[in-house]
Every structure is written in C-alpha cells, then in structure tokens.
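The values are calculated or read from the model by the stated rules, or taken from the named source; none is laboratory data. Keep in mind that this is a model prediction, so the values were computed, not measured. Cβ atoms come from the backbone with ideal geometry, glycine included; neighbour counts cover every protein chain shown.
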Amino acid sequence: MDVNREPLRRPANQPNPSRKIRLTLVAVLLLLVLALPDLAAVQDTREMGKVLEELHYQVDVWVWRDAVDTKVRFLEVGPGRYQAEIDGRTQGLLSLITGNWKGRMSSEMEYSQGKLQPLVYREISYRKGKKRVMEYRFNYAQKKVELWKQEGDEPPVKKWESALTGPIYDPLTFFYNRRVTGATFDEKGGENIKFHGIPYPKEDEITLRVGDKTPEGRKIMLELGNRIFKDERSQVFAYLDAEGVPTKAWTQVLKFGTVDIKLLPGGKRLKREEIKAAPKQAEN
C-alpha cells in the first residue's frame with residue numbers, strides 16, 4: 001500500500017481509518033486461536049489458578065512491527081474446570097491511534113467425557129478507558145445459549161438467546177479441544193473440517209482446510225464469516241507445529257493491510273496428561 005496516495009480528506013461515505021485499525025486489532029487476537037469472533041466480558045475479573053500454558057506472540061500490523069503485545073494462557077481453576085484467555089494491547093504509535101486499545105477473550109470450560117465444553121465465553125475491550133462487554137452463557141440443562149452485553153458501568157443486559165441443540169464452540173474451546181484430545185490431521189492433508197461457532201449475529205459455518213506438512217509445519221487455512229462486515233468472509237493462513245500450536249499466521253484484514261503473527265521463544269507448553277475431569281463425589 002502506498003501511504004503517499006492517502007487522500008487529505010476522507011469522503012463522507014468512507015469509514016474512519018482509525019476505526020479500521022481498531023477492528024484490525026480485534027481480528028489479530030482472533031487469529032491467534034485460529035478462528036474467529038470479536039472482543040469483550042461482563043466483569044473485568046479472571047479466575048486465578050495453575051498456569052498450564054503461556055505463549056507469547058509478536059504481531060505486526062502493516063508497517064508497524066510488534067504493534068500488539070499478545071499473550072495466550074490456559075489455566076486450571078478447579079477440579080475439572082479450566083480457563084483459556086488471550087490478552088492483547090496496542091503499543092507505540094498504534095496505541096495513540098487506537099485510543100490505547102486493549103482487549104481480552106476468555107472461556108471457562110469443563111472437562112467431561114474426554115473433551116472440553118464451554119460454560120461461559122467472555123469478551124472485553126477498552127478504548128479511551130471505556131469498557132465494552134459481552135458474555136455468552138451456555139445452559140446445557142435448559143438447552144440454550146444467551147448473550148449478555150454491558151457498556152461502561154451500566155448493568156449487563158440480556159440481548160439474545162438461541163437453542164443449544166448441538167455442539168457449539170467458541171474459538172478458545174475449539175482450539176484447546178483439538179490440543180487436549182490429541183486430534184491429528186491426515187498425513188497427506190486435504191481434509192475439510194467444519195464446525196459451528198456461536199450463531200450470533202447469524203449462523204456461521206467455519207471451515208478448516210488442512211494442507212500438507214512442510215519444513216515450517218502443517219499449513220492450514222481457516223475460512224469464516226466476517227463479524228464486522230456481514231457479507232464478507234475472511235481467510236486466515238497458519239503453520240502448526242507438532243503439538244498443534246500456531247507458530248506463524250497471516251491474513252489480509254479489512255483491505256487495510258497484512259497482519260503477521262509469530263510465536264516467540266520461551267513460554268510454557270500444555271501437557272495433555274495435566275487435563276483431568278473432576279473426581280466423582282462418593283455416594284452416601
């Protein structure tokens with residue numbers, strides 16, 4: 001992109017460039033879990049527990065290197081209970097442009113019958129100190145999923161409800177389920193794996209296309225609906241290592257520019273044997 005071609009004045013019918021950058025940063029966090037939705041949470045709290053995994057990524061956005069400080073963590077917060085989270089905040093000039101944007105995605109999960117299932121999926125974002133909140137609550141007894149929203153210090157309000165008739169995965173639960181179940185890809189690749197994400201604002205079938213193994217790892221492509229521009233679909237490319245961890249990822253976001261993500265050295269890796277179901281209570 002030639003920055004010298006940028007017009008001095010923005011036509012009235014074009015989106016604000018700083019808003020496009022903020023939306024780009026939302027997409028950056030989603031890329032790290034290889035899938036998906038936008039950001040927020042009902043309470044700016046996190047359950048503290050034993051850290052089972054912690055990964056750090058370098059995120060370059062267009063001409064800005066190391067533009068977003070990003071960390072992925074997976075914690076044990078109780079017997080059979082786990083929480084995954086992604087934290088990100090803009091840095092340098094991009095922080096000024098985006099109003100010191102920062103965000104977090106988190107998912108509370110229960111490990112049962114050999115897999116993780118979401119209980120509460122939260123998203124939170126801050127811009128200029130103002131909090132925007134979303135929380136998806138999975139009620140398996142009543143077979144429904146609800147969305148609650150909060151703006152600033154206002155109380156959360158229920159905005160949406162849908163039937164929970166089959167498996168629905170938030171991006172973090174989907175990512176870690178493949179890790180803890182030891183799901184592997186066909187040696188030659190070529191698979192198309194489809195699953196259902198949270199059906200808001202509309203139904204969206206997410207497709208994971210699996211390529212061959214390469215010296216850099218297993219190449220994949222993820223195709224999903226754009227949560228911001230409803231008539232568009234996004235494509236994310238990545239390399240996975242032998243443990244299913246994304247080591248590199250890239251995409252073209254909102255016609256703004258290329259976003260590149262790279263796993264940094266160090267950190268702590270998840271061990272599958274550490275994931276255990278809650279012990280059954282003894283019967284009286």
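One table, with the values for the structure above:
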item	result
Residues of the range 140-166 that turn out to be surrounded by 18 or more Cβ atoms within 10 Å (Cβ to Cβ) and of a type in the set (Phe, Trp, Tyr), as a count	1
Hits in the range 87-139 (condition: among the β-branched types (Val, Ile, Thr), surrounded by fewer than 19 Cβ atoms within 10 Å (Cβ to Cβ) and part of a strand (DSSP E or B))	Val120
Options Glu274, Glu232: the member that is of a type outside the set (A, V, I, L, M) and modelled with pLDDT under 90	Glu232
Check on Tyr140, within 15 Å of the chain's Cα centre (by Cα) and free of Cβ contacts under 8 Å to residues at least 60 places away in the same chain	no
Candidate set: the range 47-86, residues that are of a type in the set (Asp, Glu) and surrounded by fewer than 18 Cβ atoms within 10 Å (Cβ to Cβ); chosen: the one farthest from Tyr111 (Cα to Cα)	Asp66
Near pairs, Cβ below 7 angstrom, 6+ apart or cross-chain, from the range 233-246 (closer than 12 Å to Arg218 by Cβ) to any residue that is part of a loop (DSSP other than H, G, I, E, B) and at pLDDT 90 or above	Tyr239/Glu216; Glu243/Arg269
Selection count where residues are farther than 20 Å from Arg104 by Cβ, in a strand (DSSP E or B) and basic (Lys, Arg), scope the range 140-158	2
Residue count for the range 51-86, restricted to those that are of a type in the set (A, V, I, L, M), assigned to a strand (DSSP E or B) and modelled with pLDDT under 85	3
Members of the range 186-199 found to be in contact with a Gly (Cβ under 9 Å, 6 or more places away or on another chain), surrounded by 13 or more Cβ atoms within 10 Å (Cβ to Cβ) and not in a strand (DSSP E or B), listed by number	Gly189, Gly197
Among (1) at pLDDT 90 or above; (2) in contact with a Pro (Cβ under 8 Å, 6 or more places away or on another chain) - the single one Lys219 does not satisfy	(2)
Any hit, the range 120-133, residues being in contact with a Pro (Cβ under 7 Å, 6 or more places away or on another chain) and free of Cβ contacts under 8 Å to residues at least 60 places away in the same chain	no
